[in-house]
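Trainee: The following block contains the structure, expressed as structure tokens.
The values are calculated or read from the model by the stated rules, or taken from the named source; none is laboratory data. Predicted model only: the values in this text are computed from it and were never measured. In this analysis, Cβ positions are derived from the backbone assuming ideal geometry, glycine residues included, and neighbour counts consider all displayed protein chains.
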Amino acid sequence: MNEQVAVSIAEGVNTLRIDRPDQQNALNSNMFDVMSDALAFGESSSRVRCFLMMGMPGVFTAGIDPDELRSFVENGAIGDSAIHFLKTLALLDKPLVAAVDGIAAGIGTALLLQCDYVVASEWATFSAPFVDLGLVPEAGSSLLAPRLMGHHRAFELLVLGDQFDARRAFHAGFVNRVVPAEDVENVAVAAARAIAAKPPEAVRTALKLMRGDRLDIMQRIEKEAANFVELLRSPAARDALQTFIDRQR
């Protein structure tokens, strides 16, 4: 555990709680590393049968930390920690549950497309404003979103940059349940524990059959990253990102 991501294991569930509310749970390289390590350990541990990712009341995550984005702009490249986290997420063999209350923006929405079960509060909001920043979607979302919700809804989310509320996300297919804010954590924990109580090999085999070959997602993550970097070096994207960063100060 560190000060910004709390990791715990109980009743077969490996819980990763993003705990940086003063920065709207914005993710930095250290947090990506902690989460990658926790996921890798959970994959190898017989004690873990399911993962649960959650934020704090009122915010899941506002996306990548502005200081992290600033380093992307300065270096003209995405940090290795972020890419490693996304690839680790894509290769999970064990189920992943998410509990979302409040804001899920950018990578916070994109990573939900790799989850198997998502519980959202009535007040949850989802957005992926990559194009508005002169960039492209990430976390395999350019592949997963059209598969999950169809081209037209995916276009609304990833290109138009529309904000989805919880009900719209439910109807789009990337949220399983919408519950009152005070029930989000309990419902998600109950779902994760129910999954963890099932025969583990049967769960993992069923999940592999449902997900199919993950190579295409890994390749899409790499392709998105390459396009992200290419656009990141353009004056338009650098200006848009700098304006965004300045607004966060």
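Trainee: Identify, please: which residue in the range 175-222 is in a loop (DSSP other than H, G, I, E, B), within 17 Å of the chain's Cα centre (by Cα) and modelled with pLDDT of 95 or more and is, among those, surrounded by the most Cβ atoms within 10 Å (Cβ to Cβ)?
Mentor: Here the residue is Val175.
Trainee: Continuing with the same structure: Which pairs turn up if I take residues in the range 183-202 that are of a type in the set (Asp, Glu) and look for partners that are at pLDDT below 95 with beta carbon separation below 9 Å, at least 6 apart in sequence or on another chain?
Mentor: Within 9 Å, the pairs are Glu185/Pro57.
Trainee: Moving on to the next point. Among the numbered criteria (1) part of a helix (DSSP H, G or I); (2) at pLDDT below 95; (3) surrounded by 20 or more Cβ atoms within 10 Å (Cβ to Cβ), which one does Asp132 miss?
Mentor: (3)
Trainee: Return the residue satisfying two criteria in turn: it lies in the range 97-129 and is assigned to a helix (DSSP H, G or I) and among the small types (Gly, Ala, Ser), and of such residues it is nearest to Pro180 (Cα to Cα).
Mentor: In this case the residue turns out to be Gly108.
Trainee: Any residue at all in the range 32-44 that's assigned to a strand (DSSP E or B), of a type in the set (A, V, I, L, M) and under 14 Å from the mean Cα position of the chain (by Cα)?
Mentor: Scanning the range 32-44 turns up no residue that is assigned to a strand (DSSP E or B), of a type in the set (A, V, I, L, M) and under 14 Å from the mean Cα position of the chain (by Cα).
Trainee: List, please: which pairs have Cβ atoms under 8 Å, are six or more places apart or on different chains, and start with a residue in the range 114-127 that is in contact (Cβ under 8 Å) with a residue 24 or more places away in the chain and end with one that is surrounded by fewer than 21 Cβ atoms within 10 Å (Cβ to Cβ) and polar (S, T, N, Q)?
Mentor: That search, which allows pairs on different chains as well, returns Tyr117/Asn176; Val118/Asn176; Val119/Asn176; Thr125/Gln163; Phe126/Gln163; Ser127/Gln163.
Trainee: Would you point out the residue of the range 33-53, among those that are surrounded by fewer than 24 Cβ atoms within 10 Å (Cβ to Cβ) and in contact with a Ser or Thr (Cβ under 7 Å, 6 or more places away or on another chain), that is farthest from Asp93 (Cα to Cα)?
Mentor: Asp33
Trainee: Being of a type in the set (Gly, Ala, Ser), in a helix (DSSP H, G or I) and over 13 Å from the mean Cα position of the chain (by Cα) is the filter; apply it to the range 135-157 and report the residue that is farthest from Leu69 (Cα to Cα).
Mentor: Applying the filter and picking the extreme gives Ala154.
Trainee: Go through (1) of a type in the set (A, V, I, L, M, F, W, C); (2) without any contact (Cβ under 8 Å) to a residue 60 or more places away in the chain; (3) surrounded by 17 or more Cβ atoms within 10 Å (Cβ to Cβ) for Ala225 and report which single condition fails.
Mentor: If we test Ala225 against (1) of a type in the set (A, V, I, L, M, F, W, C); (2) without any contact (Cβ under 8 Å) to a residue 60 or more places away in the chain; (3) surrounded by 17 or more Cβ atoms within 10 Å (Cβ to Cβ), just (2) comes out false.
Trainee: Report the residue count in the range 77-129 for those that are among the charged types (D, E, K, R) and surrounded by 23 or more Cβ atoms within 10 Å (Cβ to Cβ).
Mentor: Of the residues in that region, 1 qualify.
Trainee: Follow-up question, since we're still on this one. Considering only the range 41-71, state which residues are over 16 Å from Ala139 (Cβ atoms) and in contact with a helix residue (DSSP H, G or I) (Cβ under 6 Å, 6 or more places away or on another chain).
Mentor: Passing the criteria: Val48, Arg49, Cys50, Leu52, Met56, Pro66, Arg70.
Trainee: Between a residue in the range 138-165 that is surrounded by fewer than 18 Cβ atoms within 10 Å (Cβ to Cβ) and any residue that is part of a helix (DSSP H, G or I) and modelled with pLDDT under 95, which pairs come within a Cβ distance under 7 Å, given they are 6 or more apart or on different chains?
Mentor: Every condition considered, the pairs that remain are Val159/Val131; Gly161/Val131; Gly161/Asp132.
Trainee: With the requirement that a residue be of a type in the set (A, V, I, L, M) and within 22 Å of Ala206 (Cβ to Cβ), what does the range 166-186 give you?
Mentor: Val175 - this is the single residue of the range 166-186 that is of a type in the set (A, V, I, L, M) and within 22 Å of Ala206 (Cβ to Cβ).
Yes/no matrix, rows are residues, columns are (1) farther than 18 Å from Ala172 by Cα; (2) among the hydrophobic types (A, V, I, L, M, F, W, C):
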residue	(1), (2)
Ala62	yes, yes
Phe72	yes, yes
Gly79	yes, no
Leu89	yes, yes
Val100	no, yes
Ala105	no, yes
Pro146	no, no
His151	no, no
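Trainee: What is the residue count in the range 56-88 for residues that are over 22 Å from Leu215 (Cβ atoms) and either in contact with a Lys or Arg (Cβ under 7 Å, 6 or more places away or on another chain) or in a helix (DSSP H, G or I) (or both)?
Mentor: Here the count works out to 12.
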